[in-house]
Structure formats: C-alpha cells, structure tokens
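The values are calculated or read from the model by the stated rules, or taken from the named source; none is laboratory data. Everything quoted here is computed from the prediction, not taken from an experiment. Reconstructed Cβ throughout: ideal geometry from the backbone, glycine too, with neighbour counts over all protein chains shown. The area values use the complete protein model at the heavy-atom level, side chains included, leaving out ligands, DNA and RNA. Shrake-Rupley method; radii C 1.70, N 1.55, O 1.52, S 1.80 Å.
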Amino acid sequence: MPISKEALDEVALSEKEYQLIVEQLGREPSEVELGMFGSLWSEHCGYKHSKALLKQLPSKSKRLLVKPGEENAGVVDIGDGLVVVMKIESHNHPSAIEPYQGAATGVGGIVRDIFTMGARPIALMNSLRFGPLTDPHNRYLFGGVVGGIAGYGNCLGIPDVGGEIFFAECYSANPLVNALCLGIAEAKKLVRARAYGEGNLLMLVGADTGRDGLHGASGLASRTFEEERELRSTVQVGNPFLEKLLIEACLELAETDWIAGMQDLGAAGLTSSAVESAARGGGGIEIDVLKMPRREKGMTPYEIMLSESQERMLVVVKKGYEDKVKALFDRWELRSDIIGHVTSDGVARIREGKKVVAEAPVNLLTSPPIYRRRVKKPEWLNKLQTFDVNSIPDLSRKKANSTLLRLLASPNIASKRCVYRQYDHQVGNNTVVLPGSDAAVLRIKGTKKAISLTTDGNARYCYVNPYLGGVIAVAEAARNLACSGAQPLAITDCLNFGNPEKGDVYYQLKECINGMVRACRELKIPVMSGNVSLYNETKGEAIYPTPVIGMVGLIEDVKKHCISGFKNEGDMVFLLGDRQAVDSSIGSSEYLELIHGIIKGNPYIDLGMEKRLQHCCLEAIGRGFINSAHDCSEGGLGVTLAESCLANGLGFASSDWKFEGRLDAALFGEAQSRIIVSVAPKSARKLEKLAARYQIAAARLGTVGGKRLILKGYIDLPLKEPGEAWWGGLEKSL
C-alpha cells in the first residue's frame with residue numbers, strides 16, 4: 001500500500017528515501033520502524049546534508065582523545081591525568097515555540113552529554129540570537145530564553161560563565177539558542193556511549209516517559225517553520241532537580257566497573273540512544289516497550305520509542321551487576337528499570353511483550369543517504385560584497401562623541417550585564433574571570449592550571465562573505481583566548497543555517513566550513529565536537545549563516561591570566577597588530593548598519609598576521625609585562641578603548657593621535673588582527689621589541705588614568721557618559 005506524502009512529511013523523509021528503506025529492508029517498514037528511520041535519518045541525527053562537508057574539518061591532535069562524532073562530546077587532554085569534555089548544541093526551534101522550556105531543556109540536554117561520559121560539568125556558556133527588541137514578541141522570546149537558561153542552570157549548580165548575544169531582523173521568528181557545557185574528568189575513568197557485550201542489560205534511569213518531544217528530531221530540527229503548523233507538543237519540559245540527582249548518581253556509577261556504557265536520551269529519545277550505542281558497540285539491542293515506565297496512559301510503541309521526555313539515561317549494565325546498579329540509583333531516589341539487553345546479531349529489535357513491532361539492522365538505521373550538491377556563488381552575494389565607501393559621507397569630528405555613545409548603547413555592543421547577572425556564574429568557586437571579558441577563566445582544582453573558554457561568531461560577516469566569515473569566527477575566538485593568556489586547544493562548533501536543500505543556503509554552509517577549515521589549519525586548532533542546526537527558516541526567509549565557535553584554551557599557571565579592562569593608572573596603552581583600519585573596514589560593520597542602515601562590504605583578514613599577533617600576545621602575557629588585553633571587534637578601536645576603560649572605571653588619554661584616510665574607519669572600522677594592551681611604562685620597550693620580533697606593529701596610543709575618555713581632537717567624554725550608554729544600553733532596549 002503506497003504511503004502518503006503527509007505520513008512522510010510527519011517523519012521528514014522524502015519519497016526517494018522511503019523507497020531506499022523499502023529496498024534495503026526488502027519490505028515495507030512498520031509504523032515504529034518508519035518513525036525510527038525518520039528520526040535517525042533526520043538532519044539532526046544523521047547529518048545527511050552536512051556530513052560530507054564536516055569531514056573536512058581538521059581533528060588530529062595529540063591532545064584529542066576521541067574523534068568528533070564518536071562520542072557524546074569531544075575530549076581533550078590537559079595533562080595531570082585530566083581531560084576536558086566539551087560540546088555545544090542548539091535548541092533553536094523549541095525555543096521559538098516555548099522559549100523558557102526550549103532554552104531550559106537545551107541546557108539540560110548539553111549537560112547530560114557531558115556527565116554521561118563521566119565528567120563533572122563545571123561551566124556553561126551560550127550563544128544567542130534574536131530579532132530586534134523593538135518588537136514585543138522578540139522581547140518575549142528574549143525574556144523566556146534567558147529565564148530558561150538561568151532557571152535550569154542555577155538549579156543544577158553549574159556556573160554560566162559567559163557567551164554572546166546578537167540581534168538582527170532575520171532572527172525575529174527563528175531565534176538561535178546554542179548551549180555549551182564543559183566538564184572535567186580523569187582520563188582513565190571516561191565512560192563511553194557504547195552498548196556491547198552479549199547479554200549485558202539495558203537499564204533506563206530517571207524520569208518516566210511521556211508524549212512530550214515527539215518528532216523533535218525529525219519534525220522541529222529537520223524542516224522549516226510554517227505558519228499553519230502547530231508544534232507545541234514537540235517541546236520538552238524539564239526538571240532540573242531530577243537532573244541534579246542524575247548527575248551525582250551517574251558520576252558515582254562512573255567510578256565503578258559495573259557498566260559497559262552510558263548514554264543520555266536526547267533527540268529521538270530511546271531510538272537514537274539505544275541504536276546509536278549499539279552501532280558504536282558493534283552489536284544489536286532488544287527492547288520490550290512494556291517494561292518502560294510511563295506517565296501517560298495508552299502510549300503506543302511508536303510514541304515510547306520516539307518520546308523526548310527529559311532527564312532520562314540509558315545505562316548498559318554488565319550482566320550480574322544489575323542489583324548493585326539499581327541499589328545505587330535507589331539511594332539517589334531515582335527510578336531504574338531493565339528494559340532490554342544487548343545482542344550480537346547487529347539488529348535493533350523492539351518488542352511489545354511477545355510481539356515484534358520493529359526489527360531492522362542497526363547499520364542501516366544509522367546510515368542515512370549523504371547528499372552532496374554542486375552550487376555556484378549566488379549573484380546577490382556579489383552585490384553585497386561590492387560596496388563603495390565613498391557612497392556615504394565620512395564622520396565629522398563634531399559627531400564623533402555622539403556616534404561612539406550610540407554604538408556603545410547598541411544592543412549588539414552594550415554590556416550584557418542585565419543578562420548574565422541572572423546566572424549564577426561563581427558557584428563552585430572555580431570562576432577566575434567573570435562574564436563580560438573576552439573569555440571566561442576557570443581554575444582547575446588540584447592543579448595550578450586554568451582553562452579559558454569563549455563563544456564567538458559574527459553572522460553579519462558570514463552573510464556578506466561566508467568564507468571569510470568562517471575564517472574570522474575561528475580567528476576571533478582564538479584571539480579572545482589569547483587575550484586571556486590561554487593557548488587555544490580545541491573547538492566545538494554549532495553551525496546554524498537555513499534550508500540546505502536550497503542552493504544559496506548550501507553554498508553558505510559549504511563556504512563557511514571551508515573558511516573554518518582554513519583557519520583551523522593555519523592556527524593549528526582542531527575540532528573536537530560539534531552540532532549542525534539546519535532548516536532555520538520561517539516562511540521561506542532564512543537566518544544569517546551563523547557558525548558559532550566554542551573554544552577552550554589552557555593556561556599553565558592561573559596566576560598568569562589576563563583581563564580585558566585597564567588595571568593601573570599610568571599604564572601605557574598600545575595597539576598591537578594592524579596599525580590602523582583601512583577605509584574598507586567599515587564594510588559589514590556595526591557602525592555601517594547602525595548609522596547608515598547598510599549591510600554591505602567585504603571583511604578582510606590576514607591569517608599570517610593573526611597568528612603572529614596571537615603568539616606575541618601570549619608570550620607577552622606569559623612573561624608578565626601585559627596588564628590588560630582586549631581584542632578589537634564590533635565597534636572598532638573607539639568601542640574597544642571605551643570598554644577597556646569601563647571595566648574598572650579608569651580613563652584614557654591619547655597622545656597626538658594620527659591616522660590616514662576616513663575618520664569613521666579609524667574610529668569604528670572593524671579591521672581584524674588587533675589587540676589593545678596596557679603595560680607599565682618600564683615594560684613598554686620590552687613590548688615593542690617583542691612585537692618587532694613577531695613582525696607586527698605596536699603603536700603607542702596613550703596613557704591610562706583620570707575619569708575621561710580622550711582621543712585628542714576627536715573623542716572627549718567623561719567616563720560617566722560612555723558608562724551610562726554601555727552598561728544600560730541593552731536594559732533600556734527592553
């Protein structure tokens with residue numbers, strides 16, 4: 001009997017994919033099998049439109065202990081027998097429908113990815129995108145998402161140490177909520193997400209199963225939003241207090257030798273958890289859905305297998321240890337039930353008592369078709385990249401002060417204090433550098449080491465030039481870590497794009513990844529893990545291509561970390577790197593959009609200079625003669641100087657400031673590869689010599705001190721005015 005298009009749409013499969021399933025199975029799939037294939041072949045689980053591109057990302061390093069995609073999260077060695085476990089994931093579409101629960105369960109899911117590997121979660125970060133806050137619905141989404149992140153993370157007792165927030169019209173109906181979690185574990189005690197050992201038992205632990213989250217992977221994550229669809233039933237509901245119990249119980253279990261593997265239930269619920277674990281273990285699984293604890297009556301095998309109810313874990317218990325494992329979970333007041341066992345036949349077999357409702361090879365379920373497309377550069381991109389800077393008037397001296405204040409108050413630049421003060425960012429007593437700096441710094445207890453952590457990605461750059469946008473996303477994240485004194489170790493990425501079945505979107509995805517590949521290779525930073533979120537469109541309108549880079553770095557001695565704000569009166573201020581912004585650097589800048597309403601112009605970066613700049617900054621911090629370091633990014637030199645002043649309430653006065661070309665580019669152009677540093681006068685010559693050795697400029701700008709921000713002849717403001725604009729800009733827009 002032919003299957004209807006509506007039924008295929010329900011599981012996000014094409015007619016061609018359905019025929020492939022029939023051909024491979026040698027028969028029509030059952031209802032449960034169809035649901036399982038739909039979820040496991042979805043973009044969220046199967047990466048069918050992105051896997052071929054993602055394979056290009058460099059992932060070789062002596063420090064990386066698992067390859068991307070092998071486990072729930074990436075693992076990087078930091079010495080002393082310890083590893084960092086890190087991953088970033090998206091919860092975009094659920095957050096668009098129910099912002100509080102969408103964001104909260106996004107946090108819960110990424111935390112489970114970390115502790116399922118036996119790592120103690122010690123830090124959360126996020127990267128958020130919304131439409132303009134002038135729209136009441138965008139303010140509703142913003143408040144719900146921030147509330148959900150705070151509510152869930154604070155209950156877990158995991159500090160949220162920073163992140164980024166960006167606003168643009170294209171995110172109005174499709175906000176981006178990317179959540180990152182980092183954990184620490186002993187290398188020898190890592191737990192793998194593998195189901196192996198014939199006869200070993202499958203134990204479900206945690207919450208009872210309900211109908212929430214049905215078609216989350218195949219419905220929300222693998223198709224675009226349409227106005228007529230009602231998708232609220234696909235949004236999960238979280239319980240952070242139950243998750244806290246799971247964290248402690250599972251970490252205690254990881255200390256034993258009673259289990260063969262452990263996996264959380266996330267997208268596609270038990271289907272992906274069990275089948276993917278079996279695929280990694282090289283065997284099969286058999287599950288009886290009648291043994292599943294349920295909180296709703298009348299649930300079908302289809303609903304049970306695809307439910308995305310939160311706070312659930314699948315534990316592969318070694319045969320004979322089930323009583324010990326159950327006793328451990330009983331002590332933590334967590335329900336645990338044996339629902340099946342591991343087999344050696346390579347088949348995923350689902351029963352309802354004696355009745356088999358699904359039976360398919362594990363390798364087939366986890367082998368979706370991989371799509372590769374040949375695409376050309378869209379013509380509209382050429383128009384965006386062609387921007388004549390002389391088509392707009394230069395900034396007049398009289399408007400320099402007011403323009404700086406406008407930029408500082410812009411939600412994309414203004415302090416995010418009103419957001420991060422809702423997060424508990426010091427719980428655990430590891431946080432050394434608090435939110436608001438270029439990167440967070442956390443001490444590693446029991447050692448003198450620290451790690452630095454950041455998220456970054458300028459979507460406007462990626463919109464006008466996907467390739468260079470991808471390059472700059474990696475470079476700026478690494479620059480943020482360098483400013484903190486950390487050597488970059490590895491990347492976790494979250495790639496947020498529109499519908500990849502459209503040629504221009506696939507081109508954006510391909511070019512962004514190509515740019516990331518180039519930067520990763522040049523800067524020698526491998527990719528440890530990641531996530532792809534596609535189909536971010538509403539009514540045919542795609543978001544900006546938004547690759548978010550989460551990056552972790554290592555500081556060998558926590559005492560040698562660096563902050564972004566000026567520290568001492570009398571310190572000398574230098575601009576390291578590109579001596580000044582060229583006129584074209586106002587292209588695709590915050591200044592150009594805010595002041596002129598134009599989104600055009602190519603960004604530019606010299607990766608050779610970028611690499612030398614970062615190495616120079618790191619060496620200077622390591623040798624102890626840099627007191628502060630802050631990278632130039634959105635808003636250019638003027639904004640960077642203001643932020644450096646406002647962090648600790650110390651002013652700045654320039655000597656005779658000279659520049660060539662346009663004033664707007666000199667003050668607010670966003671040329672890459674630039675860092676503002678401050679040093680004691682006695683160390684100034686040392687810095688200049690070091691910069692010369694690295695073949696980068698070290699231009700003297702002025703001196704720290706007083707209560708004014710002065711760029712002689714152009715900017716002269718009491719710190720109170722930039723402070724009111726920057727500290728209160730975002731809050732006022734709400």
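So the values come out like this:
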| quantity | calculated |
| --- | --- |
| Candidate aspartates and glutamates - alpha carbon under 20 Å from Lys689, same-chain residues fewer than 8 apart omitted | Asp571, Asp578, Glu610, Glu619 |
| Helix axis angle, 240-254 relative to the chain longest principal axis, alpha carbon, degrees | 80 |
| Among the listed pairs Lys510/Lys600; Lys55/Lys189; Lys324/Lys445; Lys16/Lys510, those beyond 26 Å (Cα-Cα) | Lys55/Lys189; Lys324/Lys445 |
| Solvent-accessible ranking of Lys297, Lys449, Lys524, Lys377, largest area first, probe 1.4 Å | Lys297, Lys524, Lys377, Lys449 |
| Using θ = phi - 60° and Karplus 6.51 cos²θ - 1.76 cosθ + 1.60, couplings along the range 195-210 (whole Hz; Gly, Pro as x) | 9, 9, x, 3, x, 4, 9, 9, 10, 9, 10, x, 5, 5, 8, x |
| Using a Förster distance of 51 Å, the FRET efficiency for Lys445-Glu31 (Cβ separation, nearest 0.05) | 0.50 |
| Prolate/oblate/rounded label for the range 51-119 (Cα gyration tensor, a/c 1.5) | oblate |
| Exposure of Cys155 as accessible area (Å², to 10), given a probe of 1.4 Å and all protein chains | 50 |
| Near-label residues of the range 526-550 by backbone N, under 18 Å of a point 7 Å along Cα→Cβ of Lys67 | 526-531 |
| Length-normalised contact order of the chain in % [C-alpha pairs under 8 Å, at least 6 apart] | 15 |
| Orientation-averaged projected area, Cα convex hull of the range 684-734 (nm²) | 5.7 |
| Accessible carbon and sulfur surface of the range 646-734 relative to its total accessible area, %, 1.4 Å | 51 |
| Identified option (computed Cα extents along the principal axes in Å; candidates (i) 94, 66, 49; (ii) 72, 63, 51; (iii) 86, 55, 42) | (iii) |
| Sulfur and carbon atoms: percent of accessible area, the range 481-575 [1.4 Å] | 44 |
| Linear extension gain, Glu359 paired with Asp388, 0.36 nm per residue minus alpha-carbon span | 4.2 nm |
| Val237, Val427, ranked by accessible area, largest first (probe 1.4 Å) | Val237, Val427 |
| Probe 1.4 Å - accessible area at Phe241, Å² to nearest ten | 140 |
| Computed label-point distance, nm, for sites Glu556 and Leu734 using a 7 Å Cα→Cβ extension | 4.2 |
| Cβ-defined net charge surrounding Ala473, 10 Å radius [Lys, Arg +1; Asp, Glu -1] | -3 |
| Solvent-accessible area per residue, Å², over the range 443-522 with all protein chains present [probe radius 1.4 Å] | 22 |
| Accessible area of Asp716 in the full protein assembly, 1.4 Å probe (Å², nearest 10) | 70 |
| Residue range of the chain that is longest and free of GluC sites (Glu not before Pro) which are both DSSP loop and sparsely packed (at most 12 other C-beta within 10 Å) | 334-568 |
| Contour excess over end-to-end distance, with Cα ends at Gln56 and Glu688 and 0.36 nm allotted per residue | 223.7 nm |
| Rounded tilt (10° steps) of 136-156 against the dominant C-alpha axis of the chain | 70 |
| Theoretical gain in end-to-end length, Asp323 to Lys712 [0.36 nm per residue, Cα-Cα removed] | 132.5 nm |
| The range 1-127: C-alpha gyration tensor shape, a/c 1.5 cut-off, then a/b vs b/c | prolate |
| Greater than 20 Å apart at Cα, pairs in Lys559/Lys611; Lys67/Lys188; Lys611/Lys712; Lys67/Lys524 | Lys559/Lys611; Lys611/Lys712 |
| Relative contact order (%) - the range 282-428, alpha-carbon pairs under 8 angstrom, separation at least six | 29 |
| Estimated translational D of the range 560-697 in µm²/s (Stokes, Kirkwood radius over Cα pairs; 10 °C; 1.306 mPa s) | 103 |
| Rel. contact order, % - alpha carbon contacts under 8 angstrom, at least six apart, the range 102-178 | 49 |
| Low-density loop positions, chymotrypsin sites (Phe, Trp or Tyr not before Pro), the range 323-402 - DSSP coil, at most 12 other Cβ in 10 Å | none |
| Residue-normalised accessible area of the range 581-686, expressed per residue, 1.4 Å probe, Å² | 31 |
| Net charge, Lys449 excluded, C-beta distance under 13 Å - Lys, Arg +1, Asp, Glu -1 | +1 |
| Kirkwood Rh (inverse of mean 1/r, distinct Cα pairs), the range 554-638, angstrom | 15.1 |
| With 5 Å bins from 0: P(r) over the range 304-438, alpha-carbon pairs, percent | 2, 6, 7, 8, 8, 8, 8, 8, 11, 10, 7, 6, 5, 4, 3, 1, 0 |
| Accessible solvent surface per residue of the range 232-327, calculated while the other protein chains remain in place, 1.4 angstrom probe, Å² | 34 |
| Antiparallel %, DSSP beta bridges [both residues in the chain], to 5 | 80 |
| Two-site label geometry, Arg406 and Trp727: point separation in nm, points 7 Å out along Cα→Cβ | 2.5 |
